[in-house]
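Okay, structure first, notes after.
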Amino acid sequence: RLLVKIEGLTPLMTDRIPPWVREDLQRKAEGLTAIPREKRSEAQIYQDAKYVLQEEPEVCGFPTHGLVKCIARAGKRYLDMDMVKTYGLIHVPAGFFEIRGSEPEPRPMIGRNRQGNLIPLMRPSWMPWWLEVDLTYAHPFVTDEWVVNMVNIAGSTVGIGSARRECGGMPYGSFAVTEVRLWKKNRSTSRETSSERMTGNSWVGSSTGCR
């Protein structure tokens, strides 16, 4: 089990799908008409795009499954690894990672409405930002060095969030590992303890690579 700190190299943007959009998609799949809704303001669009974990003070997060998907896609595209196999080797808890480092700022973007027309959008953007990621991996099939190497490859080639690097070469959501802690279980007490394993990119550079 590893605690990995990833720091953003480029701004992180989120684009949460509001519940009412999912409801409309479900109604469409069932052959029902969409419920008429009032036009949202830019402020509402901006707020809807956040994953708000706490209201006061506001704390925002990023879905944990988004990071694992990022790692799996990087493995498939650049290391010819099966995505299902990657999901079996690397696990994260269900839920959200807290976004830390700065307050979100509105960033103007261009999107499309239901009719397919281009419209101006406002997305929350963080820079600087970092996440503390709790990872478990299938030892002895893979090592901690292999996991950290995979996370770094994913951060530099795929990225996370809206307008990430894999989306037509857009620059957002790139990251790198800056700190790793290895969690060990004390056999006598069955309690987990965290010990400092390595800091900085030098440890990653000494990795033997992917198997």
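So is residue 23 touching a residue at least 12 places away in the same chain (Cβ under 8 Å) and of a type in the set (D, E, K, R) or not? Talk me through it step by step, then tell me what you get.
Details: touching a residue at least 12 places away in the same chain (Cβ under 8 Å): yes; of a type in the set (D, E, K, R): yes.
Yes.
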With criteria (1) closer than 22 Å to residue 115 by Cα; (2) of a type in the set (Ser, Thr, Tyr); (3) part of a loop (DSSP other than H, G, I, E, B), residue 46 comes up short on (3)
Taking the range 58-87 and the residues there that are within 15 Å of residue 132 (Cβ to Cβ) and aliphatic (A, V, I, L, M), the one that is surrounded by the fewest Cβ atoms within 10 Å (Cβ to Cβ) would be 59
Of (1) open to solvent by 50 Å² or more (accessible area, probe 1.4 Å); (2) over 30 Å from residue 143 (Cβ atoms); (3) among the charged types (D, E, K, R); (4) not in a strand (DSSP E or B), residue 24 fails just (1)
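Yes/no per residue for (1) out of contact with any Gly (no Cβ under 7 Å at 6 or more places or on another chain); (2) assigned to a helix (DSSP H, G or I); (3) closer than 30 Å to residue 108 by Cβ:
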position	(1), (2), (3)
38	yes, no, yes
50	yes, no, yes
69	yes, yes, yes
72	yes, yes, no
78	yes, yes, no
86	no, yes, no
93	yes, no, no
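With respect to residue 180, is the statement that it is more than 27 Å from residue 49 (Cβ to Cβ), assigned to a strand (DSSP E or B) and either touching a residue at least 24 places away in the same chain (Cβ under 8 Å) or open to solvent by 40 Å² or more (accessible area, probe 1.4 Å) (or both) true?
Criteria met by residue 180.
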Note on the range 95-116: residues open to solvent by less than 80 Å² (accessible area, probe 1.4 Å) and either out of contact with any strand residue (DSSP E or B) (no Cβ under 9 Å at 6 or more places or on another chain) or in a loop (DSSP other than H, G, I, E, B) (or both) are 95, 99, 101, 102, 104, 113, 116
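Name the residues in the range 27-57 that are of a type in the set (Ser, Thr, Tyr) and open to solvent by less than 70 Å² (accessible area, probe 1.4 Å), would you?
Within the range 27-57, the subset of a type in the set (Ser, Thr, Tyr) is 33, 41, 46, 51.
Selection gives 41, 46, 51.
Here is a check on your reading of the model: is residue 117 of a type in the set (S, T, N, Q) and more than 22 Å from residue 43 (Cα to Cα)? I'd like the intermediate steps shown before the answer.
Details: of a type in the set (S, T, N, Q): yes; more than 22 Å from residue 43 (Cα to Cα): no.
Criteria not met by residue 117.
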Output for Cβ contacts, cut-off 6 Å, separation at least six or different chains, first residue of a type in the set (Gly, Ala, Ser) in the range 88-113, second open to solvent by less than 40 Å² (accessible area, probe 1.4 Å) and at pLDDT 95 or above, reads 95/64; 101/129; 102/126
Exception for residue 18 within (1) open to solvent by 50 Å² or more (accessible area, probe 1.4 Å); (2) farther than 14 Å from residue 135 by Cβ; (3) without any contact (Cβ under 8 Å) to a residue 40 or more places away in the chain falls at (1)
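Can you tell me which residues in the range 117-161 are in a helix (DSSP H, G or I) and either open to solvent by 20 Å² or more (accessible area, probe 1.4 Å) or among the polar types (S, T, N, Q) (or both)? Quick ask: steps written out before the conclusion?
Within the range 117-161, the first condition is being in a helix (DSSP H, G or I), and the residues that meet it are 144-157.
Passing the criteria: 145, 149, 152, 153, 156, 157.
The values are calculated or read from the model by the stated rules, or taken from the named source; none is laboratory data. These figures come from a predicted structure and were not determined experimentally. Heads up, the Cβs are rebuilt from the backbone with ideal geometry, glycines too, and the neighbour counts pull from every protein chain shown. All accessible areas refer to the heavy atoms of the entire protein, side chains included, with ligands and DNA or RNA removed. Shrake-Rupley method; radii C 1.70, N 1.55, O 1.52, S 1.80 Å.
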